[in-house]
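The values are calculated or read from the model by the stated rules, or taken from the named source; none is laboratory data. Only a predicted model underlies this, so the values are computations on that prediction, with no experimental measurement involved. Positions of Cβ are backbone-derived with ideal geometry, glycine not excepted, and every protein chain shown enters the neighbour counts.
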Amino acid sequence: MSILRELKKRSSHSCELCSSEEDLSIYTVSPYKEESMDHSVILCSTCKGQIEDTSTLEVNHWRLLNDSIWHELDAIKVISFRMLQALKETGAGWAEDLQDMMYMDEPTADWASDGLPKEGDLVHKDSNGVALSVGDSVVLIKDLPVKGSSMIAKRGTPVRNIRLDPDNETYIEGKVEGQTIVIITEYVKKT
Ligand SMILES: [Zn+2]
């Protein structure tokens, strides 16, 4: 039996988060890439879309986390933990309370926080003090001379898919006109 069929059977042909039966597909929880019964779940397009792009979060949709944090599948607990993290960042106080209530064994907790900043990690912040993550997009808020060239990166220039300097929280890297440059965090704004 294919993984998709097995997963659909496990989920009774419904989204394993919100029970919707529409537009179902497999979602594999990072950092895992290969579809498997342990690391993959069946989700509807609403849940999956918002997990993949948390800037589209509809806060009320995620009230479903009240139930899903108690789910028997570790993969669902991991998704729940991460979505609560994203909701916390939007200022949803209930999300913090719910996250505090969660119980996960140690391997699952490690999985859930994989990719999230750990204590002791450097936190890179933009000019407004907003935390930056790998893959974020920013704009320059000031004209910047590019080291080793005559180019000036203009204020307002978008820089997509940034990387963070692991040794210095005031530096990020990103591409401007095809060239990777180091940019000081106080000269950028997250978009
Ligand atoms: Zn759903």
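Brief remarks on what is shown
- Considering the range 10-40, the residues that are more than 10 Å from the ligand (Cβ to nearest atom) and aliphatic (A, V, I, L, M) include one that is surrounded by the fewest Cβ atoms within 10 Å (Cβ to Cβ), namely MET37.
- Helices (runs of 4 or more DSSP H) contained in the range 1-89 and holding at least 3 residues in contact with a helix residue (DSSP H, G or I) (Cβ under 9 Å, 6 or more places away or on another chain): 45-52, 65-68, 74-89
- Test result for ASP67, on the phi < 0 side of the Ramachandran plot and not hydroxyl-bearing (Ser, Thr, Tyr): yes
- Residue within the range 38-58 that is at pLDDT 95 or above and over 28 Å from GLY135 (Cα atoms) present: no
- Hits in the range 90-103 - residues which are in a helix (DSSP H, G or I) and either touching a residue at least 40 places away in the same chain (Cβ under 8 Å) or of a type outside the set (Asp, Glu) (or both): GLY93, TRP94, ALA95, LEU98, GLN99, MET101
- All positions within the range 130-153 that are touching a Lys or Arg at 6+ places or on another chain (Cβ under 9 Å) and of a type in the set (D, E, K, R): ASP136, LYS142, ASP143
- When VAL188, VAL146, VAL123 are screened for being over 29 Å from TRP62 (Cα atoms), more than 15 Å from the chain's Cα centre (by Cα), modelled with pLDDT under 95 and not charged (D, E, K, R), only VAL146 passes.
- Cβ-Cβ under 6 Å pairs, at least 6 apart or on other chains, the range 127-142 side under 27 Å from ASP114 (Cβ atoms), far side modelled with pLDDT under 90: ALA131/VAL123
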